[in-house]
1. Considering only lysines 8 or more places apart in sequence, or on different chains, count the pairs in the chain whose C-alpha atoms sit under 22 Å apart.
2. Mind giving me the FRET efficiency for Arg156 and Ile33? R0 is 45 Å, r the Cβ-Cβ distance, nearest 0.05 is fine.
3. Each label point is 7 Å from the Cα along the Cα-to-Cβ direction; what then is the distance between the points at Glu71 and Glu136, in nm?
4. Quick one: if the Förster radius is 22 Å, what FRET efficiency do Asp55 and Leu89 give, using the C-beta to C-beta distance and rounding to 0.05?
5. Each residue of the stretch 12-29 in order: what ³J(HN,Hα) in whole Hz does its phi give by Karplus 6.51 cos²θ - 1.76 cosθ + 1.60, θ = phi - 60°, with x for Gly and Pro?
6. For the stretch 3-94, take the convex hull of the Cα atoms, compute a quarter of its surface area, and give me that in nm², please.
7. Could you give the length gained by full extension between Asp40 and Ala221, i.e. 0.36 nm per residue of separation minus their alpha carbon distance, to one decimal place?
8. How far apart, in nm, are the 7 Å Cα→Cβ label points at Ser184 and Lys165?
Amino acid sequence: MLIRSLPEEERPLEKLIKSGPGALSTTELLALIIHTGTRDNSAIHLAEEVLSICDDGLRGMGSIGLDELLEISGIGTSKACSILAAVELGKRMAVSHGARRVALTNSDEVADLFMEELRYEKKEHFKSVMVNAKGEVISVDNVSVGELSSTIVHPREVFSQAIRKSAAGVILVHNHPSGDPSPSDEDIETTNRLVRGGQVLGIRVLDHIIIGDGSFSSLRAMELIK
């Protein structure tokens, strides 16, 4: 059924104008992002198709890729990019809201800050969270994307922004696409290499948090940081 054939009060756009976005279902919100349907299928039907290919429904949209979206009949490059842009905005909002001059006091707070952004990523994302002497977040630097190694995550890449922003310490964060946050030998080796680099510069590596799918590891809590 085409959206224009629905009663006016059931159309997503009219419903949002009248009652606000909270009144819309996930499918209806996604239909507004998709914006238009095709000759055979409405935007609502296309939204249902998108959600159907996501593992665990809406939660799985965090890891959906361009190629997967383009396999859906009726979803072209423009619609796919609109969906991916909306998902990315959601991730950034979650991080920016939580990172605004909050004082991070434990590993759970750090993990909460990045869990929804990183748990669905299919590649390893390595971040440096810079904090001041009070433990308040100054900035978050995206250090690298790809398999974690001492070559990619070099001290100069991690500490260059920390020096510029006069950070007192950094908290390292990266994800494991497998969903298992257990630290590897490479994780531990790289972490302690960065700890040594920080000691030379007078910038403490406070912790290294590894994000999995709904769980995390803290190398500090595991006493793996020397």
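1. Here the count comes out as 9.
2. Efficiency at R0 = 45 Å is approximately 0.65.
3. Modelled inter-label distance: 4.8 nm.
4. With R0 = 22 Å, the Cβ-Cβ based efficiency is 0.55.
5. x, 5, 5, 5, 5, 4, 7, 10, x, x, x, 7, 8, 6, 4, 4, 5, 4
6. On the way: hull surface 24.1 nm².
The Cα convex hull of the stretch 3-94, projected and averaged over all directions, gives 6.0 nm².
7. So the extension gain works out to 59.6 nm.
8. Using points 7 Å along Cα→Cβ, the separation is 2.7 nm.
Quick note: the coordinates plus some simple rules give every number you see, no bench work behind them. Since the structure is predicted, the reported quantities are computational estimates derived from the model, not experimental observations. Because the Cβ atoms are built from the backbone with ideal geometry, glycine has one as well, and the counts that use them run over all protein chains shown.
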